[in-house]
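Engineer: Take this structure, written in structure tokens, and hold onto it; I'll ask about it next.
Nothing in this text is a laboratory measurement; each read-out follows from the coordinates by a stated rule. Not measured: the values here are computed from a predicted model. Here the Cβ positions follow ideal geometry from the backbone for every residue, glycine too, while neighbour counts run over all protein chains shown.
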Amino acid sequence: MRHPTPRDVWRARARIHGLARRTPILDDVELSGRLGTRVVLKDETVQPTGAFKQRGAASKLTALVEEVRERGVVAVSTGNHGRAVADVARRLGARATVFVSERVPGYRVRALEEAGAVVVVGGEGQDAAERSARARIVETGATFVPPFDDPHVIAGQGTLGLELLEDLPEVASAVVPLSGGGLIAGVALALKAADPSIRVVGVSMQHGAAMHASLRAGEVRALAEADTLADSLQGGLGEDNRYTFPLVRELVDDVVLVSEASIAEGMRHAFHAHRRVLEGAAAVGIGALLDGSLSGLPGPVALIASGANVDPDAFLRVLEGGPA
Ligand SMILES: *Cc1c(COP(=O)(O)O)cnc(C)c1O
């Protein structure tokens, strides 16, 4: 497939209607005061499965012709991507099978099943789960839905950027949680097409930020995973990354890393200021703004609050003041 373009983001927008929500922006008075310019949160927590991944899944599944979609879709994901694929498939009357490893906690398996997935425990680790998924695809002709490195997925995530331009036409900076880069690549495609001077900044956690390390090295690098509140940002870029690494290298202005303490501050802020439950991955931008990592960013600034799927016990511990 060719690289996604801004037009593909518009095409995705036309397709995802009714499958992913158009989300609101929330003005943040305290953060605006700190930065000296208007700061808003783009609230993706109201998506049907609680995260922006709904957009990419909807874009990908609606790009398949019906007879292909009827053979089913397959994902390898323990989190937001798997849930989104399951939910969109159910809405379209297709079958979604999600492969997970034995190590996945039970509450995550239940969440996938509630979203409509058939969950298959595909082996001991992530690699084994991926091998099982590939075998299933060969057997059944099902379609694999990648979590980020796919033109339709990237274009789907970019629809969030189009909405930002409508709701905040003066937007000067977008601050985007960054893992595999599907979200930031899509958002950057949309925003830079409207005005190349709009700044697009990625935020990852301090340990295990594979995109940050890869950008520095000038080639895709893998890093050891470390525990983090931003668990949705864990994982590498894939050895055969084709789309997100080149797009991020071309379009993204800067990537900053935040500490676990800052992520926790970000989560607490979202709860106290907006009564929003953000998972760690969604709070990295707020954390970076609060700890001074984003000083000097031109405004208005949009922070992408990417998702809400956090283990309740972990969330309570953060609210009570601990970093983890
Ligand atoms: C997947 C995810 C991200 C990161 O998106 P990428 O496209 O992998 O960069 C950020 N926040 C949440 C809540 C996610 O689920």
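Engineer: Among all residue pairs at least 6 apart or on different chains, which show Cβ distances below 6 Å where the first residue, located in region 13-28, is among the aliphatic types (A, V, I, L, M) and the second is not in a helix (DSSP H, G or I)?
Structural biologist: 25/40; 25/42; 26/41; 26/43
Engineer: Would you please name the residue that is nearest to residue 52 (Cα to Cα), looking only at residues in region 138-164 that are touching a strand residue (DSSP E or B) at 6+ places or on another chain (Cβ under 8 Å), part of a helix (DSSP H, G or I) and not small (Gly, Ala, Ser)?
Structural biologist: Among those that are touching a strand residue (DSSP E or B) at 6+ places or on another chain (Cβ under 8 Å), part of a helix (DSSP H, G or I) and not small (Gly, Ala, Ser), it is 160.
Engineer: Among the helices (runs of 4 or more DSSP H) contained in region 1-116, which hold 2 or more residues that are within 16 Å of the ligand (Cβ to nearest atom) and crowded, with 24+ Cβ neighbours inside 10 Å? Show your work before the answer.
Structural biologist: Numbers: elements: 6-16, 29-35, 53-63, 66-69, 80-92, 106-114.
Result: 6-16, 53-63, 80-92.
Engineer: Here is a follow-up. Search region 268-312 for residues being within 9 Å of the ligand (Cβ to nearest atom) and hydrophobic (A, V, I, L, M, F, W, C), and hand back the single one that is nearest to residue 162 (Cα to Cα).
Structural biologist: Looking at the filtered set, the residue picked out is 304.
Engineer: Would you check which residues across region 165-195 are touching a strand residue (DSSP E or B) at 6+ places or on another chain (Cβ under 8 Å), among the hydrophobic types (A, V, I, L, M, F, W, C) and within 16 Å of the ligand (Cβ to nearest atom) and list them?
Structural biologist: 174, 175, 176, 178, 183, 184, 187, 188, 191, listed by residue number.
Engineer: Residues that are of a type in the set (Gly, Ala, Ser), in contact with a helix residue (DSSP H, G or I) (Cβ under 8 Å, 6 or more places away or on another chain), part of a loop (DSSP other than H, G, I, E, B) and more than 17 Å from residue 39 (Cα to Cα): does region 184-206 have at least one?
Structural biologist: Among the residues of region 184-206, not one is of a type in the set (Gly, Ala, Ser), in contact with a helix residue (DSSP H, G or I) (Cβ under 8 Å, 6 or more places away or on another chain), part of a loop (DSSP other than H, G, I, E, B) and more than 17 Å from residue 39 (Cα to Cα), which makes the answer no.
Engineer: Among the residues that make up region 119-137, is at least one of them in contact with a Pro (Cβ under 8 Å, 6 or more places away or on another chain), under 24 Å from residue 231 (Cβ atoms) and in a loop (DSSP other than H, G, I, E, B)?
Structural biologist: no
Okay, residues lined up against (1) charged (D, E, K, R); (2) more than 16 Å from the ligand (Cβ to nearest atom):
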position: 127; (1), (2): yes, yes
position: 133; (1), (2): no, yes
position: 138; (1), (2): no, yes
position: 143; (1), (2): no, yes
position: 148; (1), (2): no, no
position: 153; (1), (2): no, no
position: 162; (1), (2): no, yes
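Engineer: Please work out if residue 245 is within 19 Å of residue 180 (Cβ to Cβ), out of contact with any Pro (no Cβ under 6 Å at 6 or more places or on another chain), part of a helix (DSSP H, G or I) and not charged (D, E, K, R).
Structural biologist: yes
Engineer: Could you please find all residues in region 215-234 being crowded, with 18+ Cβ neighbours inside 10 Å and touching a residue at least 60 places away in the same chain (Cβ under 8 Å)?
Structural biologist: 229, 231, 232
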